[in-house]
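Below is one structure; the comments refer to it alone.
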Amino acid sequence: MIFRPIELDTWSRKPYFEHYLHRVRCTYSMTAPLDITRLRAHLKSKGIKPYPAFIHMIATAVNRHEEFRVCFDSEGRLGRWDSLSPSFTIFHEDDRTFSSLWVPYSEDFGTFCRRYSEDMEAYGDRKELAAKRGEPPNAFPVSSIPWVGFTGFNLNIYDEGKFLLPIFTMGKFTEEGGRVLLPLSVQLHHAVCDGYHAGVLFRELQELADSCADWC
């Protein structure tokens, strides 16, 4: 993983970044349904669990665009990672708690799925907030609320408002008119992402769901 500092004075986004970070510090959430009808049927036919496929799909779309990889590093420098890896939650049925795991991203779904399965076997029963230690600085959060088919979701983070990476939350999929719909919410920081970028993200996620046979 490589972190590439951004020269703010030559960055075309400088006025927007400074406005939404220093003057009107602003994050926003957007929720939209993904049509996973084809994807769900394809995964079922191949015996693949949906959760790692959804996580991989999200990570793939995120890694295609530098806007979603901009953040501050541990030294406070603004820059972008060459790639991001997902950090995701898992649920413990017995005591209703959850833990967090992370898996190094690979564009190859087979490789990613193998890493996911290995980590689930090694850490899936560990009752700790961070079940797998050593989360890298280029990790972004993904979580799931599979009990609620929500139409909106807002995550409130009470810090300095400088967390710039996207945060994803999946809900319970529902069936409507013969289609299977998965609610997906993403929280973005306006300093690095506008509504246009959110639109690109959701469009590409839908394209990945529709072309599932090409990558999984």
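The values are calculated or read from the model by the stated rules, or taken from the named source; none is laboratory data. No experiment lies behind these values; they were computed from the predicted model shown. Quick reminder, even Gly has a Cβ in these numbers, built from the backbone with ideal geometry, and neighbours come from all protein chains shown. What goes into the accessible areas is simple: the full protein's heavy atoms, side chains included, and nothing from ligands, DNA or RNA. Shrake-Rupley method; radii C 1.70, N 1.55, O 1.52, S 1.80 Å.
With only alpha-carbon pairs counted, each pair once and no self-pairs, how large is the Kirkwood hydrodynamic radius of the stretch 3-68 in angstroms? Mind dumping the intermediate values first?
Numbers: mean 1/r = 0.0645 Å⁻¹.
When all Cα pairs of the stretch 3-68 are included, the Kirkwood radius is 15.5 Å.
With charges only on Cβ, +1 for K and R and -1 for D and E, what is the dipole size of the stretch 89-151 about its Cα centre, in debye, rounded to 20? Don't jump to the answer; show the numbers that get you there.
Details: 7 positive and 11 negative charges, 29 e Å.
With only Lys, Arg, Asp and Glu charged at Cβ, the dipole is about 140 debye.
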Query raised in the report: Given the chain, what count of lysine pairs have C-alpha atoms under 26 Å apart, with each pair 8 or more places apart or on different chains?
Result: 9
Requested in this report: Once you have a ≥ b ≥ c as the square roots of the Cα gyration tensor eigenvalues for the stretch 35-143, tell me rounded if a/c is under 1.5, and otherwise prolate or oblate according to whether a/b is larger than b/c.
Outcome: oblate
Requested in this report: Provide the per residue accessible area, probe 1.4 Å, for the stretch 27-211, rounded to a whole number of square angstrom.
Outcome: 49 Å²
Query raised in the report: Carbon and sulfur: what percent of the stretch 1-129's accessible surface (1.4 Å probe)?
Result: 49 percent
Report task. Apply the Karplus parameterisation 6.51 cos²θ - 1.76 cosθ + 1.60, with θ equal to phi minus 60°, to every residue of the stretch 169-183 and state each ³J(HN,Hα) to the nearest whole Hz, in sequence, with x for glycine and proline. Result -> 9, 9, x, 7, 6, 10, 10, 9, x, x, 10, 9, 10, 10, x
